[in-house]
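Structure first, then comments.
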Amino acid sequence: MFVGGVIITLSSRISKWVLTVVSMLALFAAFTFGQASNAKASINYGEEVSQVAQRYVNTPYKWGGTTPKGFDASGFTQYIYKKAATKKVIPRTSATQYKEGTSVRQNQLKQGDLVFYATGKKGVVSFVAIYNGDGTFTGVTMDGVKVVKMNGKYWKDRYIGAKRIIK
C-alpha cells in the first residue's frame, strides 16, 4: 500500500505539472494568435529618430556627404529622417531644413526636433542636428558624428532655433 500511495502522489504531481504546462501553452497561444496580436505598438517617432541618429556616432565628416561613408550636418539629418521610421524626406541644406516644420522654443524641445546654429556668418543658419531630449544633440562636427552638449559656450552662443518636423 505504501508503494501504491507513492504512485498516487507521483501521479497527482505529474497531473498538476501537465495541467500547468497545458495552461501556459494555452495562454501563450491566446496572446500570440488571438486579438491581442492585432494590437499595434505606438512608435514615438522623435525618440526613434534620436536613437537612429546615435547609431552613427563616430561616422566620419565629409563635406557634402550624405551617406554613412561620410556626412555633413544637413546630409546627416536628411539621411536619418529618411532612414528612421518616419521615412520623412526633408530638404538637403540646413538653411532649407530651417524653413520646414513648426518653430519650437528651446525649453519645449522634444527628441527628434531639429536644432539650428550659425557656425559661419552670424545669424545665418549653417548647421543642423537632431535633439536627443537631454540637453544634447547628435550632429556632424569636423570630428564626425558626435553627441554634443548644447549648453557648451560654443554652441550656446550660436543657437538660432529649433523646428519640429515630426507631428
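The values are calculated or read from the model by the stated rules, or taken from the named source; none is laboratory data. Just so it is clear, the model here is predicted, and its values are computed rather than measured. Neighbour counts are summed over all protein chains in view; Cβ atoms, including those assigned to glycine, are modelled from backbone coordinates with ideal geometry.
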Residues that are surrounded by fewer than 24 Cβ atoms within 10 Å (Cβ to Cβ), without any contact (Cβ under 8 Å) to a residue 60 or more places away in the chain and aliphatic (A, V, I, L, M), drawn from the range 128-161 = Val148, Met150
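Got a sec? Which of Ser94, Ser103, Ser42, Ser23 is modelled with pLDDT of 55 or more and buried (at least 16 other Cβ atoms within 10 Å of the Cβ)? Can you show your working first?
On the way: Ser103 fails: buried (at least 16 other Cβ atoms within 10 Å of the Cβ); Ser42 fails: buried (at least 16 other Cβ atoms within 10 Å of the Cβ); Ser23 fails: buried (at least 16 other Cβ atoms within 10 Å of the Cβ).
After ruling out the rest, the residue left standing is Ser94.
For the range 117-147, enumerate the residues that are farther than 17 Å from Ile80 by Cα and either within 17 Å of the chain's Cα centre (by Cα) or not hydrophobic (A, V, I, L, M, F, W, C) (or both). Spell out how you get there, then give the answer.
The first filter runs over the range 117-147 and keeps only residues farther than 17 Å from Ile80 by Cα, leaving 117-126, 134-135, 142-143.
Listed by number, the residues that qualify are Tyr117, Thr119, Gly120, Lys121, Lys122, Gly123, Ser126, Asp134, Gly135, Asp143.
Report yes if Asp143 is of a type outside the set (A, V, I, L, M) and either under 16 Å from Tyr61 (Cα atoms) or modelled with pLDDT under 95 (or both), otherwise no.
yes
Pick out, from the range 49-167, the helices (runs of 4 or more DSSP H) lying fully within it that include 1 or more residues that are of a type in the set (Val, Ile, Thr). Show your work before the answer.
Values: elements: 73-83, 94-97, 153-158.
The qualifying helices (runs of 4 or more DSSP H) are 73-83, 94-97.
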